[in-house]
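Here the structure is laid out as structure tokens; the discussion comes afterwards.
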Amino acid sequence: MSPATKSSCIIQCSWVYPLFPKMLRRVLCTVLFMGALPSLAEVSQGHISVVLLGATGDLAKKYLWQGLFQLYMDQVSSGHSFTFHGAALTALEPGQRLMFDVLKNLACPPDESPNRCAVLKDQFLKLSQYHQLKTAENYTVLNREIETLLRQEGLKEAGRIFYFSVPPFAYTEIARHINSSCRPPPGAWLRVVLEKPFGHDLESAQQLAAELTSFFREEEMYRVDHYLGKQAVAHILPFRDQNRQFLDPIWNRHHVERVEIVLKETVDAKGRTSFYEQYGVIRDVLQNHLTEALMFLTMELPANVSKAEEVLQCKLQAFQSLRGLEKNSAVLGQYQAYASQVQEELQKAQDYISTTPTFAGVLIHSDNLRWEGVPFLLTSGKALDERVGYVRVLFKNRAYCTQSETLRDGGHSQCKAKQIIFYIGHGALNTPAVLVSRNLFRPVMPEGSWREAAGPSDLHIFGQPLSDYYVYSPVKERDAYSVLISNIYHGRKDFFITTENLLASWGFWTPLLKSISHQPLRLYPGGTENQHLLDFEMVSGEVAFTLAEPVELLNPSRLMPSDYRSIQSKFRQNPLVSAWSEDLISQLASDIEETASRTVARSGQFHLALSGGSSPVVLFQRLARHHYAFPWKHTHIWLVDERCVPLTDTESNFFSLHSHLLQSVRVPYFNVHPMPVHLNQRLCVEEDGGTELYAKEIMALVANASFDLVLLGVGVDGHTASLFPRSENGLEGAQAVVLTESPVKPHQRMSLSLPLINKARQVFVLVLGKGKHDITTLLSRVGREPRKWPISGVSPSSGQLVWYVDYEALLG
């Protein structure tokens, strides 16, 4: 451009942008000369202020400023003008110096011309400024500066982005300041970006969510999981959508053998132990990164994967289909140097023992029809042998190839493994990629963003040469944060975690986290020396380390079942079975199966009456997942008691029984007998005769109205079934089924009566947990006083009563 032309353009540019401040006008004119703006008329969509809180922190230095610079490079010709406000607690002068030291090192993509890069970088620095945001007044001043700029120059405000690159404990105070004095005016949007961790468990996540929703609307919050910006992860849904014709027949339990979602790291936690001690590998990686990938795989595809609302709703439904995790759903490890690192960095005593896992392998199942029975393995750890991340879908192979292997057509042989791999990065490929076995199908991939790639001929991925796969890599590799910041700018909520999905995730993981809080960890040396120490296998719906070497208990003082060999074998003059809860449930499930098999062999059918409440849930799950020889076909299931709510209500005992047992076993439909609490569109009304109906059904099907087995629990007040202390109904008399009143909601109940329970051939009473220790101790001392303690009145007239009490209930 000649000097005369340049001068003419400056005059024209200044005339078109008369209301822009000198700095913005100079920036716009400069990028125009460099060809960044297609036309002067296009810059009219308004101004965006980006505020980066924690602008001098590690995350900002490594990723966020670069991501914001990439946004500016991508959107400089979009019609929006920008200013970037770095903010931190540091005073103005030192903070400014720290921030601009980072900005000077910003880089352009390799395909950017050096001249344009230099200009854009220079202009980005001029559009960036530092603020100390420490007090309410600081936020008011920032808001005033933004408003003054807009007012003086006649700019329309499009919106504001506040990126919280700060610890979560600071969220509430910052949110309060933004809400009170830094919101944009009506007509402009607000987008608040939040970094994990979003809580420590379900309760803390609920608390944090409640605090934030008091300041921001759901559509204003963008919770970042940077794995959703990884190109391979971000392409899972588009891949499924674009390849529906190939995947629809095979993306299900009939064709998928298993799925592996893996993130391995070679680094350890040194320098981060203060964070790691609070969170550990499950909270740090599995609960968020790997779970999000799991959702993209298991969710039903919406009609339009570009509609954020539809995608988020399908994700939520996928969460609701996940089967609950138990302690044996996970294997845990800790690299050997971790304990000494914690002692050194956190100044702990030499005898301090950490129970924080640095390695975890978790087996997950989904109970929806598409994925029922398919194992999903989520694995992550530090100090492992390689750095790699991938999502691997391995398909069943039913082929038998008669031709010898040497004569087969390489990658197209139906006898070779069939798999789809979303390669997140690092590892042997060292790049994001999508790999599809050639004996599956040639995938449809978007030409503009992914290209077919060829790798080294000697490279093997999961035991197969690279030539066995169709391999695609991104045309342009992009950092995850650049992708996510672009999605924030475009308002793409499906790349972020909503409050509802966040709480669903914590609701799924929290029970496991509680159950493993004191579980012994497999120690491993780290790196290649781990060898086979961390290999694990799936056995009967659980996982266990392959090497069955003994692991020293972290707390040697903890008592184990072998320490209680001398425990009395009687409780209230009846047989007692006692063990740790897990072993007790295993024994009880086996005893029920044995009773069922024996009864069916004798009479052809087995009538089992089951109580509600929380205690039997783990038993139901055990029966569903481990007792495949149970004679369900010949079993009748009855309810001992029911809450007066619709059977589809989560408070219903039948709903719990169905969720944890019935939907997983093959009991004939007509053998399931829920209590008729919902008749004539009303609940437990005496005139509707629900109790008489159930009693007649029992009399008609159960010989002598004597159940083969009744399972009961015990409340802390001594109630059993829904027979409560001083209950007016059910403790005596001729009625078989009664309506009762509970002291807690829902108050109305239906229950088998004590006389009917005592007609059973066998009664098993299950008592679990420290919360039941006091009532267990009391019951060991009192006689038969059912009006005070209804459970004390359980005494089968011609059958057997057996107590199953775990050590915590028995010994406290």
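The values are calculated or read from the model by the stated rules, or taken from the named source; none is laboratory data. Here the structure is a predicted model, which is why all the values come from computation and not from measurement. Reconstructed Cβ throughout: ideal geometry from the backbone, glycine too, with neighbour counts over all protein chains shown. Heavy atoms of the whole protein, side chains included, go into the accessibility calculation; ligands, DNA and RNA do not. Shrake-Rupley method; radii C 1.70, N 1.55, O 1.52, S 1.80 Å.
Let me check I have the definition right: for region 130-254, take the eigenvalues of the Cα gyration tensor, multiply each by 5, take square roots. What are those semi-axes in whole Å, largest first? Working shown, then result.
On the way: eigenvalues 273, 87, 29 Å².
Working from the Cα gyration tensor, I get semi-axes of 37, 21, 12 Å.
Placing +1 on the Cβ of each Lys and Arg and -1 on the Cβ of each Asp and Glu in region 107-195, which of L142, Q132, G154 has its Cα farthest towards the positive end of the resulting dipole?
G154
Mind pulling the per residue volume of the convex hull built on the Cα atoms of region 242-293? Å³ is fine. Don't skip to the answer; put the middle values down first.
Details: hull volume 6.2 nm³, N = 52.
Enclosed volume per residue, from the Cα hull, is 119 Å³.
Are there any trypsin sites (Lys or Arg not before Pro) in region 146-194 that are in a DSSP loop and have at most 16 other Cβ atoms within 10 Å? List them by number. Can you show the working numbers first?
Details: sites: R151, K156, R160, R176, R191; in loops: K156.
Answer in residue order: K156.
Step by step: find N for region 764-808, compute 2.2 N^0.38 Å, then divide the Cα radius of gyration by it. What's the final number?
On the way: Rg = 11.0 Å, N = 45, 2.2 N^0.38 = 9.3 Å.
My calculation over the Cα atoms of region 764-808 gives 1.18.
Placing +1 on the Cβ of each Lys and Arg and -1 on the Cβ of each Asp and Glu in the chain, which of N530, F495, H673 has its Cα farthest towards the positive end of the resulting dipole?
Farthest towards the positive pole: F495.
Return an integer: the convex hull volume of the alpha-carbon atoms of region 492-536, in Å³ per residue. Walk me through the numbers on the way to the answer.
Values: hull volume 6.2 nm³, N = 45.
Convex hull volume per residue, Cα atoms: 138 Å³.
Can you pull the accessible area of Y481 for me, 1.4 Å probe, Å² to the nearest 10?
About 20 Å², ignoring ligands and nucleic acids.
Hydropathy at least -1.0 by Kyte-Doolittle, axial extent at least 27 angstrom from the Cα trace: which helices of the chain, defined as entire DSSP H runs, fit? Could you put the intermediate results ahead of the total?
On the way: long enough: 581-603 (32 Å, -0.40).
Helices meeting the criterion: 581-603.
I'd like the distance separating the alpha-carbon centroids of region 72-107 and region 588-602, in whole Å.
Taking the Cα centre of region 588-602 as reference, the centre of region 72-107 is 71 Å away.
Could you tell me the center-to-center distance, by alpha carbons, between region 724-751 and region 473-494 in angstrom?
60
Which order do peptides 137-143, 532-538 fall in by mean Cβ count within 10 Å, highest first?
Numbers: 137-143: 17.1, 532-538: 14.4.
Top to bottom by mean Cβ count within 10 Å: 137-143, 532-538.
Restricting the calculation to Cα positions, tell me the Rg (one decimal) and the Dmax (whole number) of region 59-206 in Å.
Every Cα atom of region 59-206 included, Rg and Dmax give 16.5, 53 Å.
Assign one of three labels to region 567-640, namely rounded, prolate or oblate, based on the Cα gyration tensor with a ≥ b ≥ c the square roots of its eigenvalues; rounded applies when a/c is under 1.5, prolate when it is not and a/b is larger than b/c, and oblate otherwise.
Values: a/c = 1.71, a/b = 1.43, b/c = 1.20.
Judged from the Cα gyration tensor, region 567-640 comes out prolate (a/c at least 1.5, a/b above b/c).
I need the calculated FRET efficiency for the pair A91 and L155, taking r as the beta carbon distance and R₀ as 25 Å, to the nearest 0.05.
Working: r = 30 Å, r/R0 = 1.19.
The calculated FRET efficiency here is 0.25.
Full-extension gain between E500 and A349, please, as 0.36 nm times their residue separation minus the C-alpha to C-alpha distance.
That pair, E500 and A349, stretches by 50.3 nm at full extension.
If we restrict to alpha carbons, what Rg and Dmax does region 727-808 come to, in Å?
Here Rg and the maximum Cα pair distance are 13.5, 37 Å.
Among the lysines, which have Cα under 21 Å from the Cα of K396 when same-chain residues fewer than 8 positions away are ignored?
The qualifying lysines are K416, K418.
What is the distance, in nm, between label points placed 7 Å from the Cα along the Cα-to-Cβ direction at A118 and at S77?
With each label point 7 Å from Cα toward Cβ, the separation is 2.1 nm.
Going toward the positive end of the dipole of region 72-215, with +1 on Lys and Arg Cβ and -1 on Asp and Glu Cβ, which of Y72, Q206, V166 do you reach last?
Y72
In nm, what is the difference between 0.36 nm times the number of residues separating V716 and N105 and their Cα-Cα distance?
On the way: separation 611, 0.36 × 611 = 219.96 nm, distance 6.50 nm.
Here the answer is 213.5 nm.
Restricting to DSSP loop positions (anything but H, G, I, E, B) with no more than 11 other Cβ atoms inside 10 Å of their own Cβ, which trypsin sites (Lys or Arg not before Pro) remain in region 749-812? Can you show the working numbers first?
On the way: sites: R749, K759, R761, K770, K772, R781, R784, R787, K788; in loops: K759, R761, R781, R784, R787, K788.
For trypsin sites (Lys or Arg not before Pro) across region 749-812 that sit outside H, G, I, E and B with at most 11 neighbouring Cβ atoms in 10 Å, the list reads R781, R784.
Quote to one decimal, in nm, the extra length available between A170 and R272 on full extension: 0.36 nm per residue of separation minus the C-alpha distance between them.
34.8 nm
At a Förster distance of 56 Å, what's the computed FRET efficiency of V672 paired with R183, Cβ-Cβ distance as r, to 0.05?
On the way: r = 55 Å, r/R0 = 0.99.
For V672 and R183, the calculated efficiency is 0.50.
Ignoring everything but the protein chains, give the 1.4 Å probe accessible area of H226 in square angstrom, nearest 10.
Ignoring ligands and nucleic acids, H226 comes out at about 50 Å².
Please express the Cα-Cα pair-distance distribution P(r) of region 410-508 as a list of whole percents, one per 5 Å bin, running from 0 to the bin with the greatest distance.
2, 11, 17, 17, 15, 12, 11, 9, 4, 1
Size of the dipole of the chain about the Cα centre, Lys and Arg at +1 and Asp and Glu at -1 on the beta carbon, nothing else charged, in debye to 20? Walk me through the numbers on the way to the answer.
Details: 78 positive and 82 negative charges, 167 e Å.
So the dipole magnitude of the chain works out to roughly 800 debye.
Rank D688, D111 by accessible area, highest first, at a 1.4 Å probe radius? Spell out each step's value before the answer.
Numbers: D688 30, D111 110 Å².
Correct descending sequence by accessible area is D111, D688.
For region 696-770, what does the alpha-carbon gyration tensor say about shape, rounded, prolate or oblate, given a ≥ b ≥ c as the root eigenvalues, a/c under 1.5 as rounded, and a/b over b/c as prolate?
Working: a/c = 2.21, a/b = 1.31, b/c = 1.68.
Oblate is the answer for region 696-770, as a/c is 1.5 or above yet b/c matches or exceeds a/b.
Order the following by accessible area, largest value first: E220, E345, E112. Probe radius 1.4 Å; ligands, DNA and RNA are ignored.
Values: E220 5, E345 70, E112 45 Å².
The ordering from most to least exposed comes out as E345, E112, E220.
Counting residues in region 470-513 as N, plug N into 2.2 N^0.38 Å and put the Cα Rg over that result. Numbers along the way, then the final one.
Values: Rg = 15.5 Å, N = 44, 2.2 N^0.38 = 9.3 Å.
My calculation over the Cα atoms of region 470-513 gives 1.67.
Would you compute the Debye intensity of the chain from its alpha-carbon atoms alone, equal scatterers and no solvent, and pass along log10 I(q)/I(0) at q = 0.09 Å⁻¹ to two decimals?
-1.02
Along the Cα→Cβ direction, 7 angstrom out, place labels at K476 and V539. What is the inter-label distance in nm?
5.3
How much accessible area does E687 have with a 1.4 Å probe, in Å² rounded to the nearest 10?
150
Is the shape of region 455-543 best called rounded, prolate or oblate, per the rule: a/c under 1.5 gives rounded, else a/b larger than b/c gives prolate, else oblate, with a ≥ b ≥ c the square roots of the Cα gyration tensor eigenvalues?
Oblate shape, in that a/c is at least 1.5 and b/c is the bigger or equal ratio.
To the nearest 0.05, how large is the calculated FRET efficiency for A700 and D649 if R₀ is 41 Å and r is the Cβ-Cβ distance? Don't skip to the answer; put the middle values down first.
On the way: r = 28 Å, r/R0 = 0.67.
Between A700 and D649 the formula returns 0.90.
How big is the gap, in Å, between the Cα center of region 668-683 and the Cα center of region 414-471?
53
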